[in-house]
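Chemist: To start, I am sharing the structure in question, which I have written as structure tokens.
The values are calculated or read from the model by the stated rules, or taken from the named source; none is laboratory data. Worth saying up front: this structure is predicted, and the values here are computed from it rather than measured. We place every Cβ from the backbone using ideal geometry, glycine too, and count neighbours over all the protein chains shown.
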Amino acid sequence: MMDELGLVWPPRDMSKKVRRARHIAGVLDAVLDDLGVASAIEQHAVFREWESRVGREIARAAKPHRVDGETLLVNVTSSAWMSELSLRQNELLERLNRGRRRTCVKRLIFRMDPRAKG
């Protein structure tokens with residue numbers, strides 16, 4: 001069918017140019033990967049999600065301090081908690097990485113919080 005300007009509508013090759021719709025999350029992931037920041041963003045989400053991932057009791061006794069590569073440094077309030085969390089490291093890593101597209105934390109290092117009393 002031609003319009004008033006003599007153009008064919010719809011264009012014959014339009015079906016070749018139509019791309020399949022993609023979910024915005026997938027597009028955003030691809031862009032962040034291309035920029036090389038996707039892993040860093042996921043790693044730093046640990047700070048925001050800490051309590052919901054490790055539970056309230058652990059979150060009261062331990063706080064994420066810093067990400068260094070694939071290692072999360074965690075400040076702990078007491079040596080008893082440091083021992084407990086060291087024994088549960090694999091469980092905590094699984095909780096922190098659950099549901100992520102990529103493993104963001106591969107190692108935990110626990111250290112006494114310099115602000116801890118006692």
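Chemist: Within the range 70-85, which residues are assigned to a loop (DSSP other than H, G, I, E, B) and polar (S, T, N, Q)?
Modeler: Of everything in the range 70-85, those that are assigned to a loop (DSSP other than H, G, I, E, B) and polar (S, T, N, Q) turn out to be THR77, SER78.
Chemist: Sticking with this one: Please identify the pairs in which a residue from the range 69-89 that is under 13 Å from MET112 (Cα atoms) has its Cβ atom under 9 Å from the Cβ atom of a residue that is part of a loop (DSSP other than H, G, I, E, B) and of a type in the set (Gly, Ala, Ser), counting only partners at least 6 apart or on another chain.
Modeler: ASN75/ALA116; VAL76/ALA116; THR77/ALA116; THR77/GLY118; SER78/ALA116; SER78/GLY118
Chemist: Do we find a residue being among the polar types (S, T, N, Q) and at pLDDT 95 or above anywhere in the range 88-110? I'd like the intermediate steps shown before the answer.
Modeler: Residues of the range 88-110 that are among the polar types (S, T, N, Q), as a first pass: 89-90, 97, 103.
Keeping just the survivors that are at pLDDT 95 or above gives 89-90.
So far as the range 88-110 goes, yes, one or more of its residues are among the polar types (S, T, N, Q) and at pLDDT 95 or above.
Chemist: Those residues that are farther than 14 Å from LEU92 by Cβ and under 18 Å from the mean Cα position of the chain (by Cα), I need them from the range 57-69; list them, please. Before you say what the answer is, go through the steps one by one.
Modeler: To start, the set of residues in the range 57-69 that are farther than 14 Å from LEU92 by Cβ comprises 60, 65-69.
The answer is HIS65, ARG66, VAL67, ASP68, GLY69.
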